[in-house]
Amino acid sequence: MSAQNKDELLSEAVRLREQGHPEQARERLLALTAAFPDSVDVAYQTAWVHDVLGLEAEAVPYYERCLQGEGLPEEDRRGALVGLGSTYRVLGRFGQSVEILRRGVAEFPDDGALRTFLAMALFNTGEHHEAMQLLLRLVATTSDSPRVQRYRPAIEHYAEDLTRTM
């Protein structure tokens, strides 16, 4: 199988997943994975389709593979970091979830999805204060609600320390 065929087959598998045929997409992606075991884009799409199908445990090695390799486009890397962090969390692997999501936030500090999933994982590890800080800062900086923006200074102030009353 040539690289050109790989790209065409990968595009077809992504289309199938997007059109609501994840099982067919999975079959094609598993065949591509066998043919191109070092392909980070194939690994990423294979992880994604397993997540779509609720096969989180099966998604993990593909996420790990695509993040260890080189050449994954930035947007896919963001998706893989969110996907793996979220998947670890769903599987009850909270420490690993926090670790991968912290890595994602370090690489992409402005990514609200990564910060949101990190907050959820921090909650699961009992780090409630930091989880609330992340969420309050996210709300204050990303909400387009005029009411939220009106109170933004107060929200940011309390994000520093929720135990503070003044």
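The values are calculated or read from the model by the stated rules, or taken from the named source; none is laboratory data. Quick caveat, the model's predicted, so the values are computed rather than measured. As a convention, Cβ positions derive from the backbone with ideal geometry for all residues, glycine included, and neighbour counts pool all protein chains shown.
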Exercise. Considering only residues of the stretch 27-41 that are in a helix (DSSP H, G or I) and either of a type in the set (Val, Ile, Thr) or touching a Lys or Arg at 6+ places or on another chain (Cβ under 8 Å) (or both), which is nearest to Ser97 (Cα to Cα)?
Worked result: Val40
For this session: Read through the list (1) among the polar types (S, T, N, Q); (2) more than 19 Å from Asn124 (Cβ to Cβ); (3) buried (at least 24 other Cβ atoms within 10 Å of the Cβ), then give the number of the only condition that Gln68 fails.
Result: (3)
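Yes/no matrix, rows are residues, columns are (1) within 16 Å of Pro22 (Cβ to Cβ); (2) modelled with pLDDT under 95:
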| position | (1), (2) |
| --- | --- |
| Asp38 | no, yes |
| Ala43 | no, no |
| Thr46 | yes, no |
| Val49 | yes, no |
| Leu67 | no, no |
| Gly83 | yes, no |
| Ser86 | no, no |
For this session: Look through the stretch 146-164, keep the residues that are outside any helix (DSSP H, G or I) and surrounded by 11 or more Cβ atoms within 10 Å (Cβ to Cβ), and return whichever of them is modelled with the lowest pLDDT.
Result: Leu162
Problem set entry | From Arg77, Arg103, residue being out of contact with any Cys (no Cβ under 9 Å at 6 or more places or on another chain) and either of a type outside the set (D, E, K, R) or part of a helix (DSSP H, G or I) (or both) | Arg103
Problem set entry | Criterion: touching a Lys or Arg at 6+ places or on another chain (Cβ under 7 Å), at negative phi and surrounded by 15 or more Cβ atoms within 10 Å (Cβ to Cβ) - qualifying residue of Leu53, Leu84 | Leu53
Exercise. Under the condition of being in a loop (DSSP other than H, G, I, E, B) and modelled with pLDDT of 95 or more, which residue from the stretch 110-133 is nearest to Leu67 (Cα to Cα)?
Worked result: Asp111
For this session: Consider Tyr44 carefully, then state whether it is free of Cβ contacts under 8 Å to residues at least 40 places away in the same chain, in a helix (DSSP H, G or I) and not assigned by TED's automatic domain parsing to the domain that holds Leu9.
Result: no
